[in-house]
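Step one of this worksheet: look at the structure below.
The values are calculated or read from the model by the stated rules, or taken from the named source; none is laboratory data. Since the structure is predicted, the reported quantities are computational estimates derived from the model, not experimental observations. Cβ atoms come from the backbone with ideal geometry, glycine included; neighbour counts cover every protein chain shown.
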Amino acid sequence: MPTAKPLAAPRPDPPPEGASTVARAKGTLAQKLWDSHVVRSTPEEPDLLYVDLHLVHEVTSPQAFEGLRLAGRRVRRPDLTVATMDHNVPTKGGVRAADELSRKQMEVLAENCRREGIPLHQIGSRRQGIVHVIGPELGLTQPGMLIVCGDSHTSTHGAFGALAFGIGTSEVEMVLATQCLPQNRLRDLAVNVEGELPLGVTAKDVVLGLIGRTGISEGQGHLVEYRGSTIRSLSMEGRMTICNMSIEWGAKAGMVAPDDTTFSYLERRPHAPKGAAWDTALDHWRSLQTDDGAAFDQEISIDASHLEPHVTWGTNPGQVAPVTGRVPSPRSDTDERALLYMDLKPGTALADIAIDRVFIGSCTNARLEDLRAAATVIAGKHVHSSVRAMVVPGSTSVKRAAEDEGLDAVFKAAGFEWRNAGCSMCLGMNPDILAPGERCASTSNRNFEGRQGSGGRTHLMSPPMAAAAAITGHLVDVRELL
Amino acid sequence: MQAVSKVTGRMAPLDRADVDTDQIIPKQFLKRIERTGYGPFLFYDWRAKGDFVLDRPEHKGASVLVTGENFGCGSSREHAPWAIKDAGYHAIISPTFADIFRANAYKTGILAVTLPARQVRHLIDLATEAPTIEVIVDLEKQEVRGDGFAYKFDIDPFARDMLLGGLDEITLVERHAPAIGAFETQRPAWLPTAG
């Protein structure tokens with residue numbers, strides 16, 4: 001396999017594949033991770049990769065388990081498989097508040113896990129939560145691993161220096177049956193982010209700004225490594241936010257090389273290595289870096305020191321602008337349709353857009369640090385009279401930790417609803433949805449038409465920005481409130 | 001999976017880019033535990049608004065969906081290609097597909113074919129102006145052809161073999177059980193287990 005390709009190489013179809021797995025002299029982190037999971041490689045077929053951790057939830061797994069059953073197969077490694085209920089769990093009222101079909105999906109997951117011996121964090125249990133929040137907080141997500149899940153935001157786990165990506169239900173069935181996945185080789189893309197983030201600017205703004213620049217398909221066929229001083233200075237939570245949204249610009253996976261921030265986060269987590277095993281693991285983890293001089297197929301550079309808080313104005317995450325800006329004039333049919341759906345006119349100041357709802361939640365931005373950042377903005381203030389605002393912690397553990405430090409009291413005093421953990425209004429599979437025409441400031445990852453409820457209008461932003469919008473009743477530059 | 005070597009039929013033009021999986025099959029229809037029955041909910045919200053292009057009489061019964069770039073972006077829900085196939089579309093032609101969607105489409109037995117943007121434009125215009133015209137999406141010859149044109153396409157050779165042979169990929173991988181077992185014995189001891 002060549003070590004470098006021209007920057008402007010056209011996208012091949014199929015992507016480069018079946019390439020030999022002989023290690024390159026100077027390797028990228030992504031290719032090292034790939035190589036260390038190759039069970040079998042031949043020129044004629046995709047590489048067969050071994051999966052270290054398979055995360056499972058109620059929505060994309062029932063058909064896979066049924067496929068297994070019909071073929072008389074069993075789960076090969078239930079000990080490398082972890083299930084949770086997240087996508088359609090109600091965030092108040094418990095399982096009884098779920099509609100009949102959602103409840104059925106949860107029951108089927110529980111039954112499948114029971115039969116196959118798969119650990120399940122079900123609704124009501126203390127470790128339940130969004131699949132991409134609980135993996136890291138339980139210490140199941142570790143550097144060097146290959147992690148898959150039937151969910152496109154699996155790229156989140158790449159923040160730990162893991163190779164992690166979303167798969168479809170047929171692939172879920174493949175992994176359940178064989179613990180392996182045939183995959184074609186992908187290309188390397190580096191995003192270099194340098195500079196100190198200004199006050200009020202977060203990891204969310206880094207990734208929204210990036211997608212605003214690249215558009216929503218630039219990452220196709222690539223494994224992305226986020227690098228540079230800005231990334232190094234981010235917490236694990238911030239790195240997860242960025243890796244989480246890799247799929248929003250089309251990338252298969254996003255990752256950050258592990259460092260002391262990663263190791264401190266992991267140490268003493270329930271599933272992290274202990275004692276001598278920790279030291280052995282640490283030695284290995286420190287080697288998981290892109291070699292100096294290794295070539296990427298493409299590189300993108302971002303100056304973080306001039307970034308501003310971003311908000312989306314359209315119906316995909318690439319339709320985004322600094323909050324100090326205005327709704328742009330449409331440059332394509334897609335833009336025109338988006339403005340129509342969003343009921344926005346070109347030239348309108350983004351900060352003049354009134355909102356009805358605020359959602360602080362999702363696998364992108366519902367970790368403890370996110371809730372703290374939002375709480376800092378709202379402390380001592382009150383949600384605007386025309387706004388209904390809710391906080392949905394990413395996991396039951398996050399909820400408990402937030403309550404231990406009194407964040408729930410801050411949110412409730414300000415007029416926020418304080419809910420139980422789940423995906424909730426990120427995708428509105430549970431009862432938490434927007435009414436048609438309602439406009440929402442949301443910390444989630446997708447602003448597609450109807451994503452948060454049919455006819456609903458979503459503006460993506462960071463937790464502090466969403467908190468600020470809740471108070472003022474319109475999109476606003478959070479820096480005015482700091 | 002059923003073997004598929006070609007799809008012959010009329011084209012339905014969905015002339016827009018970046019069609020995401022939330023439009024293809026909205027979340028409220030992901031609650032079934034079966035692989036079938038999603039067809040009526042394909043593009044549910046767009047169809048509910050009325051006069052949706054795929055519902056126009058002249059495009060009823062089409063089996064080839066022709067659409068803009070980055071088709072299938074967004075979530076990993078395989079319900080998207082299930083719904084498309086359920087609704088009678090057995091081939092999709094686009095300048096580019098989102099990676100996960102394309103993989104899912106192949107597993108569903110849908111011929112997801114990429115052609116250069118100008119050829120896709122020709123097909124969309126043709127489908128709009130002459131909706132009764134039939135095309136053949138020929139996987140064996142790797143071409144889309146109709147009256148007066150034949151467009152060659154590239155496709156992942158392994159996916160092509162799987163589709164042409166109607167092969168069960170899990171059975172193929174299970175043949176490598178000895179290699180998988182050997183790999184497992186060499187995995188580092190510190191790696192987490194779920195118990």
Every residue from the stretch A:154-174 that is of a type in the set (Val, Ile, Thr) and either within 26 Å of A:Pro258 (Cβ to Cβ) or not in a helix (DSSP H, G or I) (or both):
A:Thr154, A:Thr156, A:Ile167
Checking A:Val38, A:Val59, A:Val95, A:Val82 in turn, the sole residue that is of a type in the set (A, V, I, L, M), facing chain B (nearest Cβ under 9 Å) and surrounded by fewer than 21 Cβ atoms within 10 Å (Cβ to Cβ) turns out to be A:Val38
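Condition check ((1) buried (at least 20 other Cβ atoms within 10 Å of the Cβ); (2) more than 30 Å from A:Ser442 (Cα to Cα); (3) β-branched (Val, Ile, Thr); (4) within 13 Å of chain B (Cβ to nearest Cβ)) across all residues:
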| residue | (1), (2), (3), (4) |
| --- | --- |
| A:Pro270 | no, yes, no, yes |
| A:His284 | no, yes, no, yes |
| A:Gly293 | no, yes, no, no |
| A:Ala304 | yes, no, no, no |
Could you please let me know if A:Ala71 is within 8 Å of chain B (Cβ to nearest Cβ) and not charged (D, E, K, R)?
yes
Among the residues that make up the stretch A:391-409, is at least one of them outside any strand (DSSP E or B), more than 15 Å from A:Glu369 (Cα to Cα), of a type outside the set (A, V, I, L, M, F, W, C) and free of Cβ contacts under 8 Å to residues at least 60 places away in the same chain?
no
I want to confirm something. Restricting to the stretch A:175-226 and keeping residues that are facing chain B (nearest Cβ under 10 Å) and assigned to a strand (DSSP E or B), which single residue is nearest to B:Asp20 (Cα to Cα)?
A:His222
Within the stretch B:55-92, residues being part of a loop (DSSP other than H, G, I, E, B) and either among the basic types (Lys, Arg) or more than 9 Å from chain A (Cβ to nearest Cβ) (or both) number 11
If you take just the strands (runs of 3 or more DSSP E) that sit entirely in the stretch A:238-337, which of them hold at least 3 residues that are under 21 Å from the mean Cα position of the chain (by Cα)?
A:253-255, A:310-312
Could you check how many residues of the stretch A:432-450 are touching a Cys at 6+ places or on another chain (Cβ under 8 Å) and either at the interface with another protein chain (Cβ under 10 Å from one of its Cβ atoms) or in a loop (DSSP other than H, G, I, E, B) (or both)?
4
Mind checking whether some residue in the stretch B:121-138 is among the aliphatic types (A, V, I, L, M), assigned to a helix (DSSP H, G or I), surrounded by 15 or more Cβ atoms within 10 Å (Cβ to Cβ) and within 13 Å of chain A (Cβ to nearest Cβ)?
yes
A:Ser454: passes all of (1) buried (at least 23 other Cβ atoms within 10 Å of the Cβ); (2) of a type in the set (S, T, N, Q); (3) within 14 Å of chain B (Cβ to nearest Cβ) but (1)
A:Leu475 passes all but one of the listed conditions (1) within 18 Å of A:Ala366 (Cβ to Cβ); (2) away from chain B (no Cβ under 13 Å); (3) crowded, with 24+ Cβ neighbours inside 10 Å; the exception is number (1)
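Go through A:Glu267, A:Glu248, A:Glu237, A:Glu225 for me and flag whichever is over 23 Å from A:Ser362 (Cα atoms) and at pLDDT 95 or above.
A:Glu267
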Could you tell me whether any residue of the stretch B:93-106 is loosely packed, with under 14 Cβ neighbours inside 10 Å, in contact (Cβ under 8 Å) with a residue 40 or more places away in the chain and not in a helix (DSSP H, G or I)?
no
Filtering the stretch B:1-53 down to residues that are hydroxyl-bearing (Ser, Thr, Tyr), surrounded by fewer than 20 Cβ atoms within 10 Å (Cβ to Cβ) and not in a helix (DSSP H, G or I), which residue is nearest to the other protein chains (Cβ to nearest Cβ)?
B:Thr36
Subset of the stretch B:162-195 [part of a helix (DSSP H, G or I), more than 7 Å from chain A (Cβ to nearest Cβ) and over 21 Å from B:Thr96 (Cα atoms)]:
B:Leu164, B:Gly165, B:Thr171, B:Leu172, B:Ala177, B:Pro178, B:Gly181, B:Ala182, B:Glu184, B:Thr185
Scan the stretch A:287-300 and give yes if some residue there is out of contact with any Cys (no Cβ under 8 Å at 6 or more places or on another chain), without any contact (Cβ under 8 Å) to a residue 60 or more places away in the chain and not charged (D, E, K, R), otherwise no.
yes
Which one of these does A:Leu101 not meet: (1) assigned to a helix (DSSP H, G or I); (2) facing chain B (nearest Cβ under 8 Å); (3) of a type outside the set (S, T, N, Q); (4) touching a Ser or Thr at 6+ places or on another chain (Cβ under 6 Å)?
(4)
Filtering the stretch A:29-85 down to residues that are among the β-branched types (Val, Ile, Thr) and closer than 19 Å to A:His157 by Cβ yields A:Val51, A:Val56, A:Val59, A:Thr60, A:Thr81, A:Val82, A:Thr84
Residues within the stretch A:429-468 that are within 17 Å of the chain's Cα centre (by Cα) and at pLDDT below 95, tallied:
0
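Results for (1) of a type in the set (Gly, Ala, Ser); (2) under 22 Å from A:Leu368 (Cβ atoms), shown as yes or no for each residue.
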{"site": "A:Met429", "(1), (2)": "no, no"}
{"site": "A:Asp432", "(1), (2)": "no, yes"}
{"site": "A:Ser444", "(1), (2)": "yes, yes"}
{"site": "A:Gly455", "(1), (2)": "yes, no"}
{"site": "A:Leu460", "(1), (2)": "no, yes"}
{"site": "A:Pro464", "(1), (2)": "no, yes"}
{"site": "A:Ala469", "(1), (2)": "yes, yes"}
{"site": "A:Gly473", "(1), (2)": "yes, no"}
{"site": "A:Leu482", "(1), (2)": "no, yes"}
